[in-house]
Amino acid sequence: MSKKQKMSGAEAFVECLHKEHVEVIFGIPGGALLPIYDELYDSDIRHILVRHEQAAAHAADGYARATGRVGVCMATSGPGATNLVTGLANAYMDSVPIVAFTGQVPTSMIGNDAFQEANITGITLPITKHNYLVKDARTLPDIIKEALYIASTGRPGPVLVDLPKDVQTEEIEFEYPKNIKLRGYKPTSKGHPLQIKRAAKAIMEAERPIIYAGGGVVISGAHAELLALAETLMAPVTTTLLGIGTFPSVHPLSLGMVGMHGTKYANYAMTESDLIIAIGARFDDRVTGRLDGFAPNAKVIHIDIDPAEISKNVAAHIPIVGDAKNILKELIKELKRKPKSKWSEKIEKWKKEFPLEYDRKSKEIKPQYVVEQIYDLCPDAIIATEVGQNQMWAAQYFKFTKPRTFITSGGLGTMGYGFPAAIGAKVGCPDKTVIDIAGDGSFLMNSQELATAVINDIPVKVAILNNKFLGMVRQWQELFYDRRYSATRLDTSPDFPKLAEAYGALGIEVTKPGDVRSAIKEALASDKPVVIDFQITPEENVFPMVPAGAAINEIIDYGEKI
Amino acid sequence: MKHTLSLLVENKPGVLARVSGLFSRRGFNIDSLAVGITENPEISRMTIVVEGDDRILEQVIKQLNKLVDVIKVSDIKPESSIDRELALVKVEAGPKERPEIMQIADIFRARIIDVGTRTLVIEITGDVSKINAMTDLLRRFGIKEMVRTGKVSMLRGAKAVKEE
């Protein structure tokens, strides 16, 4: 007995978001979105006005990663919509559930090169999980329900819904759909019982197993099962960049991150293992290094919800398609407790022999030291990062213990991601401290969002590890291009503390190691957004490092020659 | 190796672009593609013939399966399927050549569907090799124009490529 109500497409839009419990939208209005923004004016859905649409997408992404809920962003037609593209590609690569709504010119003008027209569904075809152009307002409720469902289920990802202006004003008989009918979309969540049995047998037979956990463990919420699996088998756990936080990095079985800037011991253990238990990880090139040198003696159990990831880069001997949490629960039932082994001893020896190192006695500020002090003063913070050296130092030196506390752009490697993502994370988790560990290059790519943070009272903290370089590129130029620093010097950056002050945020400059802790304390004590400018050693490098084209056990440490 | 893929897809705008995009992104050239509605008007069938590395094609098939508008993908094996293609061939045909061309058409059980003063249009239906064989024979007369539909395939016997 449902009552149909007459309302406009724009009203229906807001009503649908209510029904889906959307509490916040990050966006910027424009001509093609006027009807919807007029409805939002009276709505209790919080709208956060950002200052560039790219930041709307990243903020929705940061919100989604921190909370596990769908992030929603909105932009007008044409340039507004195209500004979302980087954010959508970023969310697509890292499987983040966001829904982007874009304005579009009226249906009668589509394809006419109208003012502020862009074929955004065409443009975003390869970087969204799915997208829609709504041509009839009567289909809008179904489409919105589907969009949120598709974004958040199976392997999550971004969905875009393009809303022509006349669809927003058209009057419809509104009824919110109860069910979703999608013939071509049925993600598998339960693992095949026979495959689970085969996996259990291989695990019990293995002598040198390693667990390799990725972002899928975060998405599935399988961290407790991961811990139980590791402790049952006394097996070491290494994570991908996106898997950080799924396994406590202070746990004796933790090997930290694997791959290009992973720990030496994680890379050695992966290489010498006889069984890799991959969970929600996709054997990305930054993890595997040269493929023919990757874990040459290992069998591979690959647990992933996306069948297309199975045997894409590394052949899986025992694939299990489904949700990681479901599968691990079933798998653990099939296993027996294993004691510590020679393999455990070998790994413990490696861990003692090859710890993460940097020059702790330096008179300059070392970025690793800054990250360690942030951890020491605020271990429960949500850490967002930009991309490059700052990101790797954060991944290596902050001791993450919980999922959804490390917000970073993995697959796409988007500079400028961290600050707006931190804003999104803070909106989703207002009671948590959110810190963006940034570089001087990345921060400037979305620094205009200081206005968003200040005006909306979103007190995120930005710790710029300022080396006056595009640091990661400079590092490669130093190591592989004979120190020819082509276009990587950033010594003409603005005065960051003054920039922060100009927006009404707090700015702090730190030039001496002795002032690092007091600056962090001051930032944490402030109820404003804060930018701390740490003037670090300009030519500090990220180590360990696997050079391009090398196998992951050919890893070079601090002070070693390439 | 050549593969024939049979896809069931939603009969909606934009689906073809989604499907073809996955092939072009991996550098596959689509040899032929035929689309039409099925017994259910909400669903279309695409028959796609592609040539490419088996391992990469397997990836493409998995990616196709991930598309929300794709309902089913089958890699149809030639030994268990029947396939047909239709071609229209416009051949240069003066009064002297005409009898020989008509004879060739007859042998291939093709039909003459248009006669001009200097041309004939032949309609031929068959599997791809039959059409190739006839066009090879006609080439020396001069083929002015040719239109081919692309292959359509169906499984032999009672089995069907259907929505589950």
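The values are calculated or read from the model by the stated rules, or taken from the named source; none is laboratory data. Because the structure is predicted, anything quoted here is derived from the model rather than measured. Counting neighbours? That spans all protein chains shown, and the Cβs are built from the backbone with ideal geometry, glycine included. Quick note on the areas: whole protein, heavy atoms, side chains included, nothing else; ligands and nucleic acids left out. Shrake-Rupley method; radii C 1.70, N 1.55, O 1.52, S 1.80 Å.
Computed values, structure above
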| read-out | value |
| --- | --- |
| Cross-chain or 6+ apart pairs with Cβ under 7 Å, region B:61-74 first and more than 7 Å from chain A (Cβ to nearest Cβ), then among the acidic types (Asp, Glu) and open to solvent by 30 Å² or more (accessible area, probe 1.4 Å) | B:ILE61/B:ASP75; B:LYS72/B:GLU163 |
| Any chance B:PHE108 is hydrophobic (A, V, I, L, M, F, W, C) and within 14 Å of chain A (Cβ to nearest Cβ) | no |
| Tally, over region B:1-26, of residues that are in a loop (DSSP other than H, G, I, E, B) and more than 14 Å from chain A (Cβ to nearest Cβ) | 1 |
| Tally, over region A:463-514, of residues that are open to solvent by less than 60 Å² (accessible area, probe 1.4 Å) and of a type in the set (S, T, N, Q) | 6 |
| Region A:370-386, residues that are open to solvent by 40 Å² or more (accessible area, probe 1.4 Å) and either part of a loop (DSSP other than H, G, I, E, B) or not assigned by TED's automatic domain parsing to the domain that holds A:LYS521 (or both) | A:PRO379, A:ASP380 |
| Residue match in region A:222-234 (condition: within 14 Å of chain B (Cβ to nearest Cβ) and free of Cβ contacts under 8 Å to residues at least 40 places away in the same chain) | no |
| Total residues in region A:129-148, condition crowded, with 18+ Cβ neighbours inside 10 Å and either of a type in the set (Gly, Ala, Ser) or at the interface with another protein chain (Cβ under 10 Å from one of its Cβ atoms) (or both) | 8 |
| Qualifying strands (runs of 3 or more DSSP E) (wholly inside region A:415-528; at least 1 residues being farther than 27 Å from A:LEU84 by Cβ and not assigned by TED's automatic domain parsing to the domain that holds A:GLY71) | A:461-466, A:506-510 |
| A:GLY439 being touching a helix residue (DSSP H, G or I) at 6+ places or on another chain (Cβ under 8 Å) and crowded, with 24+ Cβ neighbours inside 10 Å | yes |
| All strands (runs of 3 or more DSSP E) inside region A:100-207 with 3 or more residues being touching a Ser or Thr at 6+ places or on another chain (Cβ under 8 Å) and within 26 Å of A:PRO35 (Cα to Cα) | A:130-133, A:159-164 |
| Tally, over region A:544-562, of residues that are within 29 Å of A:ALA381 (Cα to Cα) and either assigned to a strand (DSSP E or B) or touching a strand residue (DSSP E or B) at 6+ places or on another chain (Cβ under 7 Å) (or both) | 2 |
| Single residue of B:PRO78, B:PRO95 found to be under 22 Å from the mean Cα position of the chain (by Cα), open to solvent by 80 Å² or more (accessible area, probe 1.4 Å) and away from chain A (no Cβ under 14 Å) | B:PRO78 |
| Tally, over region A:49-69, of residues that are surrounded by fewer than 24 Cβ atoms within 10 Å (Cβ to Cβ) and in contact with a Leu (Cβ under 9 Å, 6 or more places away or on another chain) | 1 |
| Sole residue being open to solvent by 10 Å² or more (accessible area, probe 1.4 Å), in contact (Cβ under 8 Å) with a residue 24 or more places away in the chain and not assigned by TED's automatic domain parsing to the domain that holds A:LYS399, chosen from A:ILE244, A:ILE203, A:ILE277 | A:ILE244 |
| Scope region A:111-128; condition among the aliphatic types (A, V, I, L, M), open to solvent by less than 60 Å² (accessible area, probe 1.4 Å) and either within 14 Å of chain B (Cβ to nearest Cβ) or over 30 Å from B:GLN63 (Cβ atoms) (or both); matching residues | A:ALA114, A:ILE120, A:LEU125, A:ILE127 |
| Those residues of region B:116-156 which are farther than 25 Å from B:LYS2 by Cβ and out of contact with any strand residue (DSSP E or B) (no Cβ under 8 Å at 6 or more places or on another chain), in sequence order | B:GLY116, B:THR117, B:ARG140 |
| Enumeration of residues in region B:27-58 that are within 27 Å of A:VAL321 (Cβ to Cβ), open to solvent by 20 Å² or more (accessible area, probe 1.4 Å) and within 13 Å of chain A (Cβ to nearest Cβ) | B:ASP54, B:ARG55, B:ILE56, B:GLU58 |
| Residue that is at pLDDT 95 or above and under 30 Å from A:ARG286 (Cα atoms), where the choices are A:ASP94, A:ASP38 | A:ASP94 |
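A quick yes/no check of all residues on (1) closer than 27 Å to A:GLY221 by Cα; (2) in the same structural domain as A:GLN448 (by TED's automatic domain parsing); (3) in contact with a strand residue (DSSP E or B) (Cβ under 6 Å, 6 or more places away or on another chain):
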site: A:HIS21; (1), (2), (3): yes, no, no
site: A:ILE25; (1), (2), (3): yes, no, yes
site: A:TYR41; (1), (2), (3): no, no, no
site: A:HIS52; (1), (2), (3): no, no, no
site: A:GLY78; (1), (2), (3): no, no, no
site: A:ALA81; (1), (2), (3): no, no, yes
site: A:MET93; (1), (2), (3): yes, no, no
